[in-house]
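The values are calculated or read from the model by the stated rules, or taken from the named source; none is laboratory data. Remember, predicted model here, so these are calculated numbers, not experimental data. Cβ atoms come from the backbone with ideal geometry, glycine included; neighbour counts cover every protein chain shown. Heads up: the accessible areas ignore ligands, DNA and RNA and are worked out on the full protein's heavy atoms, side chains in. Shrake-Rupley method; radii C 1.70, N 1.55, O 1.52, S 1.80 Å.
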Protein chains: 2
Amino acid sequence: MTNLSLTPDPNFEVKTDYTSCLFYGLGSDGTVSANKNSIKIIGDNTDQYVQAYFAYDSKKAGGVTRSHLRFGKSPIKSTYYINNADFISCSLDAYVFKYDMVSNLKKGGTFLLNTTFSKEELESHLPNRLLATLAKKEAKFYIIDATKIAQEIGMGRRTNTILQSAFFALNTQIMPYDQAVELMKQAAKKSYSKKGEEIVQLNYKAIDCGKDGLVEIEVKPEWANLTYDSGRKLTGDEYFDKHVAPINHLEGYDLPVSAFTKYNLLDGSIRNNVAYEERRTIAVQVPTWEPDNCIQCGFCSYVCPHGTIRPFLLTEEEVNNAPMEFKTIQAMGKGVENMKYRIQVSPDNCVGCGLCVTECPGKAGNKALKMVDINSKLDQVPLADYLYKQVPYKTEYFSTDTVKGSQFLMPYFEISGACPGCGETPYYKLVSQLFGKDMMVANATGCSMIYSSSTPSTPFVNDKDGNGVAWANSLFEDNAEYGYGMALAQNFKEARILKVMEDNMDSVEESLKEVFTKYIEAGNNRDAQRELVEPIISRVKASASEAVKELLEYERDLVGKSIWIVGGDGWAYDIGYGGLDHVLANNLNVNVLVLDTEVYSNTGGQSSKSSQASSIAKFAAGGKATAKKDLGQIAMAYGHVYVASVSMGANKAQTLKAIKEAESYDGPSLIIAYSPCAEHGIKGGLSNHQKAQAKAVECGYVTLYRFDPRKEQPLTIDSKEPNFDEFVPFLMSETRYAQLPKLKGEETAHEMFERTIKDAKKRYNRLVKLSQE
Amino acid sequence: MTNLSLTPDPNFEVKTDYTSCLFYGLGSDGTVSANKNSIKIIGDNTDQYVQAYFAYDSKKAGGVTRSHLRFGKSPIKSTYYINNADFISCSLDAYVFKYDMVSNLKKGGTFLLNTTFSKEELESHLPNRLLATLAKKEAKFYIIDATKIAQEIGMGRRTNTILQSAFFALNTQIMPYDQAVELMKQAAKKSYSKKGEEIVQLNYKAIDCGKDGLVEIEVKPEWANLTYDSGRKLTGDEYFDKHVAPINHLEGYDLPVSAFTKYNLLDGSIRNNVAYEERRTIAVQVPTWEPDNCIQCGFCSYVCPHGTIRPFLLTEEEVNNAPMEFKTIQAMGKGVENMKYRIQVSPDNCVGCGLCVTECPGKAGNKALKMVDINSKLDQVPLADYLYKQVPYKTEYFSTDTVKGSQFLMPYFEISGACPGCGETPYYKLVSQLFGKDMMVANATGCSMIYSSSTPSTPFVNDKDGNGVAWANSLFEDNAEYGYGMALAQNFKEARILKVMEDNMDSVEESLKEVFTKYIEAGNNRDAQRELVEPIISRVKASASEAVKELLEYERDLVGKSIWIVGGDGWAYDIGYGGLDHVLANNLNVNVLVLDTEVYSNTGGQSSKSSQASSIAKFAAGGKATAKKDLGQIAMAYGHVYVASVSMGANKAQTLKAIKEAESYDGPSLIIAYSPCAEHGIKGGLSNHQKAQAKAVECGYVTLYRFDPRKEQPLTIDSKEPNFDEFVPFLMSETRYAQLPKLKGEETAHEMFERTIKDAKKRYNRLVKLSQE
């Protein structure tokens, strides 16, 4: 990305009295990397001449970023967003269908669209709303195919330099174009000379192409008469259509307060069952199923970060009732002899990370999944909707203690806003499959909060009985305490329920006494409790006893809750550790899931106490000097805390086992889940994250274990003795370590790596000692 | 103590329109136990009729408490202290010499003095100031000898019930005396019926004696002509006489702002070298030395919480120059053949805890110390002053690695405000002896802060070179971070010093180059640095180089600092643990001293995460349910943290060794010092605290160890294999456990004790595993 450094460059002088510009670009979460394909102008002291505001959405991938830039000869102090722009640019043409962006254009202003449509195709393809608004605004309209230009000159998908140059070509009132080109080239040289003259020349070429690629389009006055609607497809769900969709289309500011009071959202709450219906369609490629190679292992579904590939067991009737024909194979296993099996992708929700394909073991070297162009699969959307949302999830045929069996469970966490290939969400999704119907979650601030809740969207989904995850986040460090409070409240309610039953046992009707007795006998067995809710409530309603009517208030509490405290390493090892420690010390039944990326992921990769020695991160630019904090061993020191270290890609079954054990333990549990992250810079990208998890365990970077206070010898090491010879190769497969030799020299880097290995050996040896009888 | 519960008792009705009363009583730190010998009236809803304010000083023993009580028929809302009282009571006659209390009496008001002086002795013994003020106020004056009455009726030292009754006898306008007696008896019955009828009857008797013991004293009008001064002995030190003394005499409110600007105290700082001169003389008995039985071990001094007993090596000249004759013995050991040895008590500073006597091993069963009446020793004050403050501390003859040798070091921490027999301060004092001249301390809030700093007093003292401890406290949880900041700042200064020297090495005079080179070679050796301060500063001053003048700013930083972070378990295990963990994780050279009483001592004994299972504390009234948090093992998990567990009474040499090792380690160090506390309820009192420390280790309640990251096998267990059979007897020797069988029944209590033993065994076994090669 070329940034034009405007000030304090003495060559630069803003000529315009005032020009306001608005850019719509593709961006990921603002804090990670802003405005990837948009023009970006950053100066050291720009507020004298230029003021820039950025508005991001918080989707980790495929989000929209708006850049509001003002230029002027006098210092600019205004702090509002631009809604009457001299110039608007849109770097992704799909946005013109989604957002009503030119309504913010000044009369007579200029609109620049980056598009692959030709001049000739344009009028027939663009939405009426855009054309009509341009005509009414008497706008100037330019297009450019920066995508094509970038490919042609060898810039790949990097269009921003071309678009920046085009911007200056259309805005010579800000500065003469020649001067802008000169400054952009200076900036490119400064940014890229380290990467070699070739890259510098490439950027020069991109700058030169910006002006030449512009094509002016005549705005026809008669467009003003075109009729149009919002362009949004209605789902029929009022909440979605009237509330979610406008916010997603950047029209949230226009919603009146009554739109929030209507849905009871004044406390900041949002509704479940939204993400699937957003159908963001941001993948370029999605997986397709090759049934002949499928061994029905469920790995694809198990590892999928977004829950957009799932196995289904189908009766003949269900196959016949589907909205379209589709391939199936004979389901394998006991009891499913009469059923068909299918792997189904949700093509408009899949983010195309390819993790499922990487993980698919296939048959005899032939994978049962491969990536194909998304357009070839969009016809399967109705089928996916049918299988995901209408056909019952069949969980009774395979034990959910197995990886395969667990994947017939409905995920209560689907299509989150996480990055494609996210290493955290497969754990979160798995927990939701196992316990989602009874889960209460306190979520720390960070990635897991962002992808779990960005108004109006949340990945949490209810089942047909209306059960699902109750989730909340409390800024900032008090997440453990927050979840602890949930547990205290729940315990209080449960104690109250039992007291009412016990106190009135002898005075109520025989039929009520019977269900009270059964309920008391059920103890903490949630499935047994669930069976009793209906009889208890109906019989309490019918009862002559006034004293038991209080139970009606607790209808939703009759089934116990599975309390989860979730967060990343920044929270668990650093910011929230004081509270986490206090909660672990207090012997209450809570489950803590630490999604351990070893770095502050959400805020862009700062070193945390979880980071290992020699890893490169912000605040540890030369490689971290100290060892990873051993949170697991620290928690084990209490004796009464269930502790597990898991790494899904290394041992899927151990992950599943640990999560189930942790939840079943009637006391505090801590699951430390090794979670690869975009910040790691895994070679080949996040579609290899499960492989990276496996390699991390093989070489001793991570050790798998479970510490179960219920056992006489609580500690079991679940991974094989590490092969420390593979440690450095593992480190070198991730940018966070692989950069170190370049930064520090081979010798120093390898001395530092030796330190990291020594730390790992120490940790492992301590575990071995503690695991011995 | 009898509390008269005023409301909502329907029998009670305040008759007075308004009566204001002021009580001066002996109290320890307000948060621990208020107003021990003063009248105390507490009701459930007293603000309707009565309003009470208490003003405490923060001395843990021998402090003064003032109780401000207002009575009225109408609700009382005022929130100021009383300075125009209808009635003033003083329960300790020593106070009339120290405080100008009757100046707050209303004209015609009543003054009640609890005194052992007879009616006849009174006039000649009381200070002129008191007599003159009573006369000018035309006061009514009563005395009572509640101390004698209490002894006679079998109440021992408990005078408060008698004084309360006397108060009501003199204030019948508040309510008729008969009614007050009735109410007091009801309250006594309620409070003491559990302890048996005998105690109830005793209290009844005390109530009945209150009125009868009153003696009215005629206030002679001619007293008004008596002349007087403040009654304070001047020390000659202006800061002490004009600033410290008035505050200590409760005249601090009258100090003008200029009194603070004058001494540069506006930032809240206070000066060292104050506590010794306060000469509080609060002991009843003090130790006397029996030279014939002395083996010169130094144990008495080592364990003394207040630094008021010290060994001295004296030359013949020093003996001859003393202000009085005194006994000595021949000093034993190499190089001291020409010297005399003496143990000297500071009688007016000693608080009389008797710990030195308990710890004295003596000779052939005969102790070299015994407690005697303080009055028989006050003549030695000038001798103590001479030895403590004038004779040089001779540290060169015995290695300070030995307990004996360490005690010839001057304590930089003396006569703190701690409780007599405090289990924390012997550690604090020892650290100050070893490193005091270069110490910077960040002190957490809690007991150690209170006894280290109560304006205008601090136990820190400077040596003849002006070196001493720089100490600060930062509310509340951020103490570790605060000390970390001190270390960062010091590191920055040290780096700057080296840079200035290195940058100018080749351009300065040869003589300067020589000392710069030596300084750089000295590294972290503070003694070597100290030798170079004078030559560096004088040569820099004389140098022609302007560039090196910057070093003059760093004169006080040329000798490195020993950074200490000190606090109790409430801070280290709970409130400040998040920060402590973060500081330990960051590999900076700081020394953390945790004074572990296993309970929040300063705030009156709440359970902390350091408390052991089954211990009784506030918030754990039925015995704590969970195990003690193993802070040591948690810190050891980092690998780079020096960790020691010490218990002075169990192994004095190991304590010394651990503290020296910790300080010498160039990284974070954590010393967990087992510290008995008044809250433990040790049988026989705190004079047995060193024995309790020994027993705790013998039975496995505490394990001594040192984890030194510099060693190949870092962990060494320093205590013998525990005899767990002694565990329950140890528990039963402290009220915090011994009450449990009474509370929970023998069976349950012993089940709980088994749990505590099991925890201890687990901790010990884990240590053993980790200490094995």
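Quick one: would you say A:Ala384 is closer than 27 Å to A:Ser457 by Cβ, out of contact with any Phe, Trp or Tyr (no Cβ under 6 Å at 6 or more places or on another chain) and in a loop (DSSP other than H, G, I, E, B)? Quick ask: steps written out before the conclusion?
On the way: closer than 27 Å to A:Ser457 by Cβ: yes; out of contact with any Phe, Trp or Tyr (no Cβ under 6 Å at 6 or more places or on another chain): yes; in a loop (DSSP other than H, G, I, E, B): no.
It is false that A:Ala384 is closer than 27 Å to A:Ser457 by Cβ, out of contact with any Phe, Trp or Tyr (no Cβ under 6 Å at 6 or more places or on another chain) and in a loop (DSSP other than H, G, I, E, B).
Please verify whether the stretch B:38-60 includes one or more residues that are at pLDDT 75 or above, among the basic types (Lys, Arg) and touching a Ser or Thr at 6+ places or on another chain (Cβ under 9 Å).
yes
In this structure, does A:Phe260 turn out to be without any contact (Cβ under 8 Å) to a residue 12 or more places away in the chain and over 26 Å from A:Ser406 (Cβ atoms)?
On the way: without any contact (Cβ under 8 Å) to a residue 12 or more places away in the chain: yes; over 26 Å from A:Ser406 (Cβ atoms): yes.
For A:Phe260, the condition - without any contact (Cβ under 8 Å) to a residue 12 or more places away in the chain and over 26 Å from A:Ser406 (Cβ atoms) - is met.
Of all residues in the stretch A:216-241, which are of a type in the set (A, V, I, L, M, F, W, C), surrounded by 14 or more Cβ atoms within 10 Å (Cβ to Cβ) and either without any contact (Cβ under 8 Å) to a residue 24 or more places away in the chain or not in a loop (DSSP other than H, G, I, E, B) (or both)?
Answer for the stretch A:216-241, where residues must be of a type in the set (A, V, I, L, M, F, W, C), surrounded by 14 or more Cβ atoms within 10 Å (Cβ to Cβ) and either without any contact (Cβ under 8 Å) to a residue 24 or more places away in the chain or not in a loop (DSSP other than H, G, I, E, B) (or both): A:Ile217, A:Trp223, A:Ala224, A:Phe240.
Would you check which residues across the stretch A:288-314 are outside any loop (DSSP other than H, G, I, E, B) and open to solvent by 10 Å² or more (accessible area, probe 1.4 Å) and list them?
Matches in the stretch A:288-314: A:Thr288, A:Trp289, A:Pro291, A:Asp292, A:Asn293, A:Phe299, A:Cys300.
Go through (1) outside any loop (DSSP other than H, G, I, E, B); (2) open to solvent by less than 20 Å² (accessible area, probe 1.4 Å) one by one and return the number of the condition A:Leu552 breaks.
Single failed check for A:Leu552: (2).
More than 9 Å from chain B (Cβ to nearest Cβ) and either among the acidic types (Asp, Glu) or not in a loop (DSSP other than H, G, I, E, B) (or both), is that true of A:Leu595? Before you say what the answer is, go through the steps one by one.
Working: more than 9 Å from chain B (Cβ to nearest Cβ): yes; either among the acidic types (Asp, Glu) or not in a loop (DSSP other than H, G, I, E, B) (or both): yes.
Taking the combined requirement at face value, the residue satisfies it.
Identify all residues within the stretch B:4-23 that are open to solvent by less than 10 Å² (accessible area, probe 1.4 Å) and at pLDDT 85 or above; write none if there are none.
B:Thr19, B:Ser20, B:Cys21, B:Leu22, B:Phe23
What number of residues in the stretch A:155-176 are open to solvent by 40 Å² or more (accessible area, probe 1.4 Å) and within 31 Å of the chain's Cα centre (by Cα)?
So in the stretch A:155-176, the residues open to solvent by 40 Å² or more (accessible area, probe 1.4 Å) come out as A:157-158, A:172-173, A:176.
Keeping just the survivors that are within 31 Å of the chain's Cα centre (by Cα) gives A:157-158.
So the count comes out to 2.
Test of understanding: among A:Lys769, A:Lys742, which residue is over 21 Å from A:Pro676 (Cβ atoms) and more than 14 Å from every other protein chain (Cβ to nearest Cβ)?
Numbers: A:Lys769 fails: more than 14 Å from every other protein chain (Cβ to nearest Cβ).
Every option except A:Lys742 fails the conditions.
Pull up the stretch B:564-580, narrow it to residues that are more than 10 Å from chain A (Cβ to nearest Cβ) and in a helix (DSSP H, G or I), then point me to the one that is surrounded by the most Cβ atoms within 10 Å (Cβ to Cβ). Please lay out each step first, then the result.
Within the stretch B:564-580, the subset more than 10 Å from chain A (Cβ to nearest Cβ) is B:564-572.
From the residues that got through so far, the ones that are in a helix (DSSP H, G or I) too are B:569-572.
On the way: B:Asp569: 28, B:Gly570: 27, B:Trp571: 29, B:Ala572: 31.
By that ranking, first place goes to B:Ala572.
Return a yes/no flag: does the stretch A:377-395 have any residue that is small (Gly, Ala, Ser) and modelled with pLDDT under 95. Walk me through how you get there before you give the answer.
Filtering the stretch A:377-395 down to residues small (Gly, Ala, Ser) leaves A:384.
Filter once more, so that each one left must be modelled with pLDDT under 95: none.
Scanning the stretch A:377-395, I find no residue that is small (Gly, Ala, Ser) and modelled with pLDDT under 95, so the answer is no.
Could you please let me know if B:Arg539 is in contact (Cβ under 8 Å) with a residue 40 or more places away in the chain and out of contact with any His (no Cβ under 9 Å at 6 or more places or on another chain)? I'd like the intermediate steps shown before the answer.
Values: in contact (Cβ under 8 Å) with a residue 40 or more places away in the chain: no; out of contact with any His (no Cβ under 9 Å at 6 or more places or on another chain): yes.
No, not satisfied.
Given the criteria more than 30 Å from B:Ile671 (Cα to Cα), in contact with a Leu (Cβ under 6 Å, 6 or more places away or on another chain), open to solvent by 10 Å² or more (accessible area, probe 1.4 Å) and β-branched (Val, Ile, Thr), does B:Val533 qualify?
Judged against the criteria, B:Val533 is a match.
In the stretch B:193-203, what residues are on the phi < 0 side of the Ramachandran plot and surrounded by fewer than 19 Cβ atoms within 10 Å (Cβ to Cβ)? Break it down stepwise before answering.
Here is the first cut: in the stretch B:193-203, the ones on the phi < 0 side of the Ramachandran plot are B:193-195, B:197-203.
Residues satisfying the conditions are B:Ser193, B:Lys194, B:Lys195, B:Glu197, B:Glu198, B:Ile199, B:Val200, B:Gln201.
Just checking, which of A:Leu378, A:Leu387 is under 29 Å from A:Lys60 (Cβ atoms) and open to solvent by less than 30 Å² (accessible area, probe 1.4 Å)?
Working: A:Leu378 fails: open to solvent by less than 30 Å² (accessible area, probe 1.4 Å).
Being under 29 Å from A:Lys60 (Cβ atoms) and open to solvent by less than 30 Å² (accessible area, probe 1.4 Å) holds for just one of A:Leu378, A:Leu387, which is A:Leu387.
Being of a type in the set (Asp, Glu) and more than 17 Å from the chain's Cα centre (by Cα) is the filter here, so list the residues in the stretch A:562-597 that pass it. Break it down stepwise before answering.
Let us first name the residues in the stretch A:562-597 that are of a type in the set (Asp, Glu), namely A:569, A:574, A:581, A:596.
Correct list: A:Asp574, A:Asp581.
Scan the stretch B:581-588 and give yes if some residue there is away from chain A (no Cβ under 14 Å), of a type outside the set (Gly, Ala, Ser) and in contact (Cβ under 8 Å) with a residue 12 or more places away in the chain, otherwise no. So that I can check it myself, show each step before the final result.
Of the residues in the stretch B:581-588, the ones away from chain A (no Cβ under 14 Å) are none.
No, the stretch B:581-588 contains no residue that is away from chain A (no Cβ under 14 Å), of a type outside the set (Gly, Ala, Ser) and in contact (Cβ under 8 Å) with a residue 12 or more places away in the chain.
If you scan the stretch B:614-634, which residues turn out to be within 10 Å of another protein chain (Cβ to nearest Cβ) and either in contact with a Phe, Trp or Tyr (Cβ under 7 Å, 6 or more places away or on another chain) or in contact (Cβ under 8 Å) with a residue 60 or more places away in the chain (or both)? Reasoning before the result, please.
The initial filter retains those residues of the stretch B:614-634 that are within 10 Å of another protein chain (Cβ to nearest Cβ), namely B:625-634.
The answer is B:Ala627, B:Lys628, B:Lys629, B:Asp630, B:Leu631, B:Gly632, B:Gln633.
Please verify whether A:Leu731 is touching a residue at least 60 places away in the same chain (Cβ under 8 Å), over 23 Å from the mean Cα position of the chain (by Cα) and open to solvent by 40 Å² or more (accessible area, probe 1.4 Å), treating the condition exactly as stated.
Details: touching a residue at least 60 places away in the same chain (Cβ under 8 Å): yes; over 23 Å from the mean Cα position of the chain (by Cα): yes; open to solvent by 40 Å² or more (accessible area, probe 1.4 Å): no.
It is false that A:Leu731 is touching a residue at least 60 places away in the same chain (Cβ under 8 Å), over 23 Å from the mean Cα position of the chain (by Cα) and open to solvent by 40 Å² or more (accessible area, probe 1.4 Å).
Suppose the filter is more than 30 Å from B:Leu595 (Cβ to Cβ), in a helix (DSSP H, G or I) and open to solvent by less than 40 Å² (accessible area, probe 1.4 Å); does B:Val540 pass it? Show your work before the answer.
Numbers: more than 30 Å from B:Leu595 (Cβ to Cβ): yes; in a helix (DSSP H, G or I): yes; open to solvent by less than 40 Å² (accessible area, probe 1.4 Å): yes.
Criteria met by B:Val540.
Would you mind telling me which numbered condition in (1) of a type in the set (Val, Ile, Thr); (2) within 13 Å of another protein chain (Cβ to nearest Cβ); (3) open to solvent by 10 Å² or more (accessible area, probe 1.4 Å) B:Thr603 fails?
Condition (2) is where B:Thr603 drops out.
Looking at B:Ala749, is it over 30 Å from the mean Cα position of the chain (by Cα), touching a residue at least 12 places away in the same chain (Cβ under 8 Å) and either open to solvent by 20 Å² or more (accessible area, probe 1.4 Å) or at negative phi (or both)? Walk me through how you get there before you give the answer.
Numbers: over 30 Å from the mean Cα position of the chain (by Cα): yes; touching a residue at least 12 places away in the same chain (Cβ under 8 Å): yes; either open to solvent by 20 Å² or more (accessible area, probe 1.4 Å) or at negative phi (or both): yes.
Yes.
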